[in-house]
Amino acid sequence: VLGNPPAAGFTGPSLAWVQDEEPEAFARTRRVRLAKDHLRAWLVGDDATDPSDASATLLFDPFRRAWASEACRALGLNDRLLPPVRPSNAVAGTLTAQASEALGLPRSVPVVTGAGDQAAAAMGVGLTDPGTMLVTIGSGGQAFAPLRAPRADPKLRVHLFVHAAHDRWHLEGAVQNVGLALDWARSRLAMTWDQLYDAAASGPAGAEGATFVPYLTGERTPWFDPSLRADWVGLSLSHDRQHLARAAIEGTTFALVEAIVACREAGADVDRTVLTGGGAESALTRSIVADLLNAQVHRAEVRDASARGAAVLAGAPAAALRPTQAESPGPDADAHRDAFARYRAHTRPSQART
């Protein structure tokens, strides 16, 4: 019905937790709002949400683009707590007197409903049709693939969300531990960022058998298990900080590739993969992705894409997604594939979905 796996932190499970653990607070609840919707309510007095954010609550049917009453009933929740759903580009109203005075703007300024961060970012770079997968590499990672029709992953490894664009959806693979895990490894190895990347780049592909599993905060795609934890495996007396740095870069990139592969296997139509975000600046990261996909990958400099996408929803033109660099599979491809196979062999037997 929901086209999505349960995920810790989503509104539906969180609301059910409040109902069980803080019943007095829940009894006082009259309306549930997402963060941007709470801000917009202050701006214009409008109480609503949009389909892209609503579909990430686990209380929304992305196929019908409406609240899923059956999901609410299953959780014992009253769907009257949920706000109306309006298109992302719908004008919600104009500024209240309070917002006008606080912002120094005329009360006649219109405010549109808006969208979730990844859907807005896709709007900001004009990514509305299938063909390109946008992979954002930051503290976490997201693989975003537009769809013309809703198609859920039968294995529930990736999300099916409504796009902010009219009559579009998208598959999204979400990884919690990319830059976050790298920063942890960097600090434990007492390295600067430059030292970490330099050591990894000069180390052997595959880190001579050392493998890093980066599940420091659990993981979403493909496992959706908040109890998973990180691991260093395959270590021996011959391994040093250089090997560990290499394994850290490889392991976090492997987690990201898992999301890319899961989106493709779930039915994403992808002709081109474009990497963006701080992690995409690493030539090593780009080369590992290219090696494992056995395809050229591109890098694009995308600045403030979510903010730009919000402006697009308000009527501004979208910027073009212009890849500036391309990375092709290289001489370390076999070693990276072997290392990826070791990584998967370690994560799958004990941590696979039952």
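The values are calculated or read from the model by the stated rules, or taken from the named source; none is laboratory data. Please read these numbers as outputs of a predicted model, since none were measured by experiment. Neighbour counts run over all protein chains shown; Cβ positions are idealised from the backbone, glycine included. Note: accessible area is taken over every heavy atom of the protein model, side chains too, but ligands, DNA and RNA are not part of it. Shrake-Rupley method; radii C 1.70, N 1.55, O 1.52, S 1.80 Å.
Could you compute how much accessible surface R64 exposes when probed at 1.4 Å, giving the result in Å² to the nearest 10?
Number for this one is 130 Å².
To the nearest 10 degrees, how steep is helix 179-188 against the longest Cα principal axis of the chain, on a 0 to 90 scale?
The angle comes out near 50 degrees.
Report the gain in length on full extension from S108 to D47: 0.36 nm times residue separation, minus Cα-Cα distance, nm rounded to one decimal. Kindly include the intermediate steps, with their values, before the conclusion.
Numbers: separation 61, 0.36 × 61 = 21.96 nm, distance 1.85 nm.
Length gained, S108 through D47: 20.1 nm.
List the pair-distance distribution P(r) of region 61-209, using every Cα-Cα distance, as the percent of pairs falling in each 5 Å bin from 0 up to the bin containing the longest distance, rounded to whole percents.
So the P(r) values, bin by bin, are 2, 8, 11, 13, 13, 13, 12, 12, 7, 6, 3, 1, 0.
What nm value, rounded to one decimal, do you get for the distance between D194 and A25 when each label is placed 7 Å out toward the C-beta?
Computed distance between label sites D194 and A25 equals 4.5 nm.
Quick check on the chain: of the DSSP beta bridges with both residues there, what percent are antiparallel, nearest 5%?
In the chain, DSSP labels about 70 percent of beta bridges as antiparallel.
Please report, as a whole percent, how much of the solvent-accessible surface of the chain comes from carbon and sulfur atoms (probe radius 1.4 Å). Mind showing how you got there, number by number?
Values: 8030 of 15660 Å².
Ligands and nucleic acids excluded, carbon and sulfur give 51 percent.
Please give the Cα centre distance for region 161-238 versus region 285-354, rounded to the nearest Å.
So the separation of the two Cα centres works out to 13 Å.
Take H166, project a point 7 Å from its Cα along the Cβ direction, then tell me which residues of region 303-326 have their backbone nitrogen under 16 Å from it.
312-318
Over what distance in Å are the Cα centres of region 66-84 and region 4-64 separated?
Measuring centre to centre over Cα atoms gives 10 Å.
For the chain, calculate the relative contact order in percent as a whole number, restricting contacts to Cα pairs under 8 Å that are 6 or more residues apart. Don't skip to the answer; put the middle values down first.
Values: 743 pairs, mean separation 62.1, N = 354.
Computed value for the chain: 18 percent relative contact order.
Tell me, what ³J(HN,Hα) does each residue in region 161-170 have, in order and in whole Hz, if you take phi through Karplus 6.51 cos²θ - 1.76 cosθ + 1.60 with θ = phi - 60° and put x for Gly and Pro?
10, 7, 6, 6, 6, 4, 6, 9, 10, 7
Mean residue ellipticity at 222 nm from the helices of the chain, using -39,500 (n - 2.57) per DSSP H segment of n ≥ 4 over the full residue count, to the nearest 500 deg cm²/dmol? Could the numbers behind the result be given before it?
Numbers: 13 runs with 135 residues, N = 354.
So the helix-based figure for the chain works out to -11500 deg cm²/dmol.
For region 1-109, report the convex hull volume of the alpha-carbon atoms normalised per residue, in Å³, without decimals. Mind dumping the intermediate values first?
Values: hull volume 11.9 nm³, N = 109.
In region 1-109, the Cα hull volume divided by residue count equals 109 Å³.
Can you tell me the relative contact order of region 196-354? Whole percent, Cα pairs under 8 Å, sequence separation 6 or more. Please report the intermediate quantities before stating the final value.
Values: 217 pairs, mean separation 38.8, N = 159.
RCO, region 196-354: 24 percent.
What percent does the relative contact order of region 120-171 come to when contacts are Cα pairs within less than 8 Å and at least six residues apart? Walk me through the numbers before you get to the answer.
Working: 78 pairs, mean separation 16.8, N = 52.
Computed over region 120-171, the figure is 32 percent.
Accessible area, 1.4 Å probe, largest first: how do K36, K155 sort?
On the way: K36 50, K155 130 Å².
So, going from the largest accessible area down, we get K155, K36.
State the three equivalent ellipsoid semi-axes of the chain, derived from the C-alpha gyration tensor as the square roots of 5 times its eigenvalues, in descending order and whole Å.
Working: eigenvalues 282, 110, 73 Å².
After diagonalising the Cα gyration tensor, the semi-axes are 38, 23, 19 Å.
Please list the non-local residues whose amide H lies under 5 Å from the amide H of A92, H modeled 1.01 Å from N, same-chain partners needing a gap of 5 or more.
Result for A92 returns V111, V112, T113.
How big is region 189-312 in terms of Cα radius of gyration and Dmax, in angstroms?
16.1, 55
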